[in-house]
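Heads up, the thing below is written out as C-alpha cells.
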C-alpha cells in the first residue's frame, strides 16, 4: 500500500486481479470501488490533489460499497463520500429545481 499525502484520504489500495480500488477516507469510512482500470489507479497515485481526482475521476463513475459490507456493489448511495468541505456547496433555493 503506497503512502498517500491527502487531507481527505487516509490511504488507498488496489487489487489488480480484481480491479478493486479501496479508499479509506479520513474521519469517515472505507469504500471499495469496482472495475477500476489500472491506469486510473496509477493516475490517482500521481495526482497532486487526491480529493480533486476522486471527485472528478472516481466518484459517481464506478460501482462501490463500504469495505466489509455484505452484498454486491451499488451504483449510488445516500451516504456516498464527498470531499467538499461542509457548507462549501451552495444549496438550491426553495422552489428552484
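Laboratory data are not the source of any read-out in this text; all were calculated from the coordinates shown. Here the structure is a predicted model, which is why all the values come from computation and not from measurement. Cβ placement follows ideal geometry from the backbone for every residue including glycine, while neighbour counts extend to all protein chains displayed.
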**Complete:** Full extension between residue 15 and residue 45 adds, at 0.36 nm per residue less the Cα distance, a length in nm of 9.4 nm
**Request:** Calculate the spin-label point distance for residue 55 paired with residue 27, positioning each point 7 Å from the Cα along the beta-carbon direction, and give it in nanometres.
**Result:** 1.5 nm
**Complete:** Restricted to the stretch 9-66, the DSSP antiparallel beta bridge percent, nearest 5, is 100 percent
**Request:** Decide, for the stretch 9-66, between rounded, prolate and oblate: order the square roots of the alpha carbon gyration tensor eigenvalues as a ≥ b ≥ c, take rounded if a/c falls under 1.5, and otherwise choose prolate if a/b is larger than b/c, else oblate.
**Result:** rounded
